[in-house]
Amino acid sequence: MDRIRIRGGNTLSGTIPISGAKNAALPLMIASLLTDDTLTLENVPHLADVEQLIRILGNHGVDYTVSGKRLGQSGASGRTIHFTARTIIDTTAPYELVSKMRASFWVIGPLLARMHKARVSLPGGCAIGTRPVDLFIEGLQALGATIDIESGYIVAEAKGGLKGARYRFPKVSVGATHVMMMAASLAKGETLIENAAREPEVADLAACLNAMGARIEGAGTSTIRIQGVEALSGARHRVLPDRIETGTYAMAVAMTGGDVTLEGTRSDLLQSALDALRAAGAEVTDVANGIHVRRNGNGLQPVDVVTDPFPGFPTDLQAQFMALMTRSSGVSNITETIFENRFMHVQELVRLGARISLSGQVARVEGVPRLAGAPVMATDLRASVSLVIAGLAAEGETIVNRVYHLDRGFERLEEKLGNCGAEVERLSS
């Protein structure tokens, strides 16, 4: 099992290219099930989750080809992948595939919309919380689907096709909003989704679906209106920049007192997180084709944050910001409201010398003058990169174990950090 070795103490300086967003690419790939034409996606990141979803889509009959790099493109350029679901050969998503990646459960929406039936395994447990699928089920039932649970599988059917309806989510859910939009695109009549997720990835999926011939209005707001169409066509769409990767590297720059341009990204995708960074003492400015991050010479100030659905502070940046706050000049409180078990990185940060105490969903972080390198264990995707951020500032050597978590969501992390002066290397088993 691979590990990452970090020798801390170096500042980051230079340019880091930001990849396409994993959280946008996955639903966009699943949307290829909605049409028998080719859906071409540009700026697709090379990640373990993307590769796994390609295998899952292949189980349903989706063919794919990857275009080579164009003249002048660097190694940082995202891939262009063409997905064609000419014929759906199987409407079952088996447990052995769904259990490896929860997002694969989302195929239930397109399969039900296009084929009028789907048999999809319940996803099972998750390290950071239960993440129930009841919102998915209730939303699809509102569109006229009949749903039963049999031997760990959701068996859904919509004889004659789905029908438009009005549905209000009792709780904001990005995944369920994705599924409802895809399903309603081919439903008969109008669908009104209320209390919808407002994340940029939702708006990105809607833009792609509209390019395919869907009629969606309001994506990016809490109310989405969809006029169902008989069929969708192929399209070409570019995956938006990864706001979580953007925030992660911005926090790494602030942690090391660095000066870096994050290339190919946009500040409007994570304004709340950037505001927190500014409050902590970092200078964050928009520049041509990106964001410039620099930490002033006054050290890090403590900042309280509360995770919230977009446009609030992202739960996917909570662990990284906690790592940053371990070196602040005071006490900060970090409140997690999205997932009930997303503080597993705390004990690993403590191994590096952090002072953190937990009370329910609140972590109290008392800044320390120094961190010291140590072996640590990654517990999930975002927690793993928080350990990297801490390791960049720790004295001595930090070894991050179980970095397969990192490979799920961060493309070429060692290369990107290394090009800016960090001493980071992968140790293969």
Subject >> Total residues in the range 413-429, condition part of a loop (DSSP other than H, G, I, E, B), at pLDDT 95 or above and farther than 20 Å from His345 by Cβ >> reply: 3
Subject >> Residue among Gly264, Gly247, Gly257 that is assigned by TED's automatic domain parsing to the domain that holds Ala323, in contact with a Lys or Arg (Cβ under 6 Å, 6 or more places away or on another chain) and within 30 Å of Met325 (Cβ to Cβ) >> reply: Gly257
Original post:
Can we say Leu381 is under 23 Å from Met325 (Cβ atoms), of a type in the set (A, V, I, L, M), in contact with a His (Cβ under 7 Å, 6 or more places away or on another chain) and assigned by TED's automatic domain parsing to the domain that holds Thr337?
Top reply: yes
**OP:** Restrict the check to the range 221-244 and report whether at least one residue is closer than 30 Å to Leu392 by Cβ, in a helix (DSSP H, G or I) and hydrophobic (A, V, I, L, M, F, W, C).
**Re:** yes
**OP:** Taking the residues in the range 1-41 that are among the polar types (S, T, N, Q) and surrounded by fewer than 22 Cβ atoms within 10 Å (Cβ to Cβ) as candidates, determine which candidate is nearest to Ala231 (Cα to Cα).
**Re:** Thr38
Original post:
What about Glu190, is it in contact (Cβ under 8 Å) with a residue 40 or more places away in the chain, closer than 28 Å to Tyr167 by Cα and among the acidic types (Asp, Glu)?
Top reply: no
Original post:
So which residues in the range 251-301 are part of a loop (DSSP other than H, G, I, E, B) and within 21 Å of the chain's Cα centre (by Cα)?
Top reply: Gly264, Thr265, Arg266, Leu270
Subject >> Residue satisfying condition, being of a type in the set (A, V, I, L, M), more than 18 Å from the chain's Cα centre (by Cα), closer than 28 Å to Gln318 by Cβ and modelled with pLDDT of 95 or more, within set Ile224, Ile216 >> reply: Ile224
Original post:
So which helices (runs of 4 or more DSSP H) stay within the range 312-394 end to end and still have 3 or more residues that are of a type in the set (Gly, Ala, Ser)?
Top reply: 381-393
Subject >> Set Thr246, Thr221: member being touching a residue at least 60 places away in the same chain (Cβ under 8 Å) and either under 30 Å from Arg7 (Cβ atoms) or out of contact with any Gly (no Cβ under 6 Å at 6 or more places or on another chain) (or both) >> reply: Thr246
**OP:** Taking Glu395 as the residue in question, decide whether it is under 11 Å from Ile4 (Cβ atoms) and surrounded by fewer than 17 Cβ atoms within 10 Å (Cβ to Cβ).
**Re:** no
**OP:** Tell me which residues, restricted to the range 86-106, are in a loop (DSSP other than H, G, I, E, B) and within 25 Å of the chain's Cα centre (by Cα).
**Re:** Pro94, Ser99, Lys100, Met101
Subject >> 1 or more residues hydrophobic (A, V, I, L, M, F, W, C) and farther than 14 Å from Val229 by Cα: qualifying strands (runs of 3 or more DSSP E) within the range 143-199 >> reply: 146-150, 153-157, 190-194
Original post:
When the range 302-339 is examined, which residues are found to be under 18 Å from Val388 (Cα atoms) and more than 23 Å from the chain's Cα centre (by Cα)?
Top reply: Thr326, Arg327, Ser328
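So that you can scan it fast, the table gives a plain yes or no per residue for (1) in contact with a Cys (Cβ under 9 Å, 6 or more places away or on another chain); (2) in contact (Cβ under 8 Å) with a residue 24 or more places away in the chain; (3) surrounded by fewer than 15 Cβ atoms within 10 Å (Cβ to Cβ):
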| residue | (1), (2), (3) |
| --- | --- |
| Val284 | no, yes, no |
| Arg295 | no, yes, no |
| Val303 | no, yes, no |
| Pro309 | no, yes, no |
| Phe321 | no, yes, no |
| Thr326 | no, yes, no |
| Gly330 | no, yes, yes |
| Asn341 | yes, yes, yes |
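The values are calculated or read from the model by the stated rules, or taken from the named source; none is laboratory data. Because the structure is predicted, anything quoted here is derived from the model rather than measured. Here Cβ is always computed from backbone atoms with ideal geometry, including for glycine, and neighbour counts include all displayed protein chains.
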